[in-house]
Amino acid sequence: MTAFILALGLLLAASTGWAAKRDKDLYLSAKKEYDLLRKGNSASGNSRRWEAVAERFQKIPQEFPRSAYADGALFYAGKSYRELYSVNRKERALDLAIKNWRALLSRYPNSPLAKEARYFLALSYEEGKGDVAEARKQYQALIEKFPRGDWPAKAKKRLKAMQEAEEEKKAPPSLSDGQPAKALLSQVRYTSSQSYTRITMDLSSEIRFETHVLKEEPSKGLPPRIYVDLLGARLGMDGAQPIVVQDRLLRQVRVAQFNPDIVRVVLDMSSLNGHNAFLLPDPYRLVIDIQGQRDREQFAALEKKRDLLPPRKTVKPPLPGLRRIVLDPGHGGKDPGAIGVKGATEKEIVLSVAKKLAKKLKAEMGIEVVLTRRDDSFIPLEDRTAIANAEDADLFISLHVNAAQNAAARGIETYYLDNTSDEASVRMAARENGTSRKSISDLQFILSDLTQNSKLEDSISLAHRLHTSVVSHMGQRYGPVKDLGIKKALFYVLVGARMPSVLVEMFFITNKTEGRELTRSAYQDALVDALFDGIKKYQETTQVVKNL
Ligand SMILES: [Zn+2]
């Protein structure tokens, strides 16, 4: 979308005048309403508001057929009618979505949004209309016209799934007939480093799973193993060859259809260590973290050193200072995060703050800082903690700015991971996780046992240091800061992190004053100073405590 907006900006700069400004205003204000409705709050079920915003988009190309926003307006008119359809389930809404996307494709075939529009057009035929032939035709047209990119790749997946559904209909009846469709395991990926390995399994839907540990069996030549049974699952990938990893922890991964209902994933380990498994939604993936022996090894090394020293001298352990911090600027790429006044995006603001903070931490505290992204790229949530774990970081700090429907909302709030039942926190988590509220409640049970052995106390302490520092620093420089408090919430980006980890929502991009300030360099610098001081205080207090 960024390229698309940039291109529009250039076109607009070339054409001036009242008309050019008016179509832009109409488009941007409709887009703002659309984004608000999309955010998964109570208004997202409001069919009248969806219809109104769809009509607003639809009018733009009628009134300004040569506007640079015409294709975008048709695209979002289609998307809004599709949302309306998902609320009211009326055929007319779906027909209007199709009509707008068709208009976009015929009038602006070279629009950057053509791929996405064609995909959703096909999907509407497939899922809404149940017109398999037309859906297939549209998916194929997309792939033929644009062989590369995300949307054609998705179209290929849909075509494959449709093909499989056809074949299953033809297949002789089996025991599983009449039972819910099985989850498909389509891919196994891994991230590996010296003391940490993460395996991620891509699934087509939610599953139940069981993990088991098997000891080494030298007589049979078998290494220690961890195996995971995916219940009610089907193998959707080639399992003939093992996936060779060969890092310090994991030799290889084998997958097989163990029986008609179970896919078994076997991890052949180099040595047996702790492991942690959890399921993430949208799309579903099962993550298994394998922990190395870093702590134990370091402890042993320290003990050994102590033995070599002359006796009767007490040896102090090294200061537990911060060596390495992972800063996680939220969102990025196709996910802009919250959008605020004058079209400012969360992803840009948090990236800028993260880069400045990284520079300062390095220069003034000598801390190594790893950013989960250095540019405008999309990083899946589970990859962000995988980076922190693989880098063996001491802290993980996820940076965000807040958004609310109420333009008066302002202030700062800081979160640490917990399995919460607080409604507001769950709503917030839904937005930041890019998922629906329902799938969060479905997943609470999966995560509940994870939160207990996390670095909860240190996370709370870090949250306090950062939070109070921002409130006092920014308050001194820019007037009173609304303190929205330190809260627990269920953020997937924090799940599975092996170090103290927090998420900071730094002011509201949707508030006129705060939204404007957030884009200013001096304000960002002040924010960086405040965060820096919070980290410094955290380091000082934890050192004092650990040296007692
Ligand atoms: Zn965010």
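The values are calculated or read from the model by the stated rules, or taken from the named source; none is laboratory data. As the structure is a computational prediction, the values presented were derived from the model and not from experiment. Cβ coordinates were reconstructed from backbone atoms using ideal geometry, including for glycine residues, and neighbour counts include every protein chain displayed.
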Any pair with Cβ under 6 angstrom, 6 or more apart, that starts in the range 137-163 at a residue that is in contact (Cβ under 8 Å) with a residue 12 or more places away in the chain and more than 19 Å from Ala183 (Cα to Cα) and ends at one that is part of a helix (DSSP H, G or I) and of a type in the set (Gly, Ala, Ser): Gln138/Ala122; Tyr139/Ala122; Tyr139/Ala155; Leu142/Ala155; Ile143/Ala155
Please note which helices (runs of 4 or more DSSP H) are completely contained in the range 103-173 and include at least 3 residues that are over 29 Å from Arg66 (Cα atoms) and among the basic types (Lys, Arg). 150-170
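Residues checked against (1) surrounded by fewer than 22 Cβ atoms within 10 Å (Cβ to Cβ); (2) more than 25 Å from Gly45 (Cβ to Cβ); (3) at pLDDT 90 or above; (4) within 26 Å of the chain's Cα centre (by Cα):
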residue: Tyr76; (1), (2), (3), (4): no, no, yes, yes
residue: Arg102; (1), (2), (3), (4): yes, yes, yes, no
residue: Phe120; (1), (2), (3), (4): yes, no, yes, yes
residue: Gly130; (1), (2), (3), (4): yes, no, no, no
residue: Pro147; (1), (2), (3), (4): yes, yes, no, no
residue: Lys156; (1), (2), (3), (4): yes, yes, yes, yes
residue: Gln163; (1), (2), (3), (4): yes, yes, no, no
Sort out which residues of the range 75-102 are part of a loop (DSSP other than H, G, I, E, B) and closer than 17 Å to Glu116 by Cα, and write them in order of number. none
Considering the range 334-381, residues that are touching a Gly at 6+ places or on another chain (Cβ under 7 Å) and charged (D, E, K, R), and then whichever is nearest to the ligand (Cβ to nearest atom), we arrive at Glu346
Assess whether Ala277 counts as being modelled with pLDDT under 90, surrounded by 12 or more Cβ atoms within 10 Å (Cβ to Cβ) and touching a strand residue (DSSP E or B) at 6+ places or on another chain (Cβ under 7 Å). yes
First in the range 330-359 and touching a residue at least 60 places away in the same chain (Cβ under 8 Å), second anywhere and within 16 Å of the ligand (Cβ to nearest atom) and of a type in the set (Phe, Trp, Tyr), Cβ under 7 Å, 6 or more apart: Lys334/Phe378; Asp335/Phe378
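Give the residues of the range 324-333 that are buried (at least 18 other Cβ atoms within 10 Å of the Cβ) and more than 16 Å from the ligand (Cβ to nearest atom), sorted by residue number.
Kept after step one, since they are buried (at least 18 other Cβ atoms within 10 Å of the Cβ), are these residues of the range 324-333: 325-332.
Correct list: Ile325, Val326.
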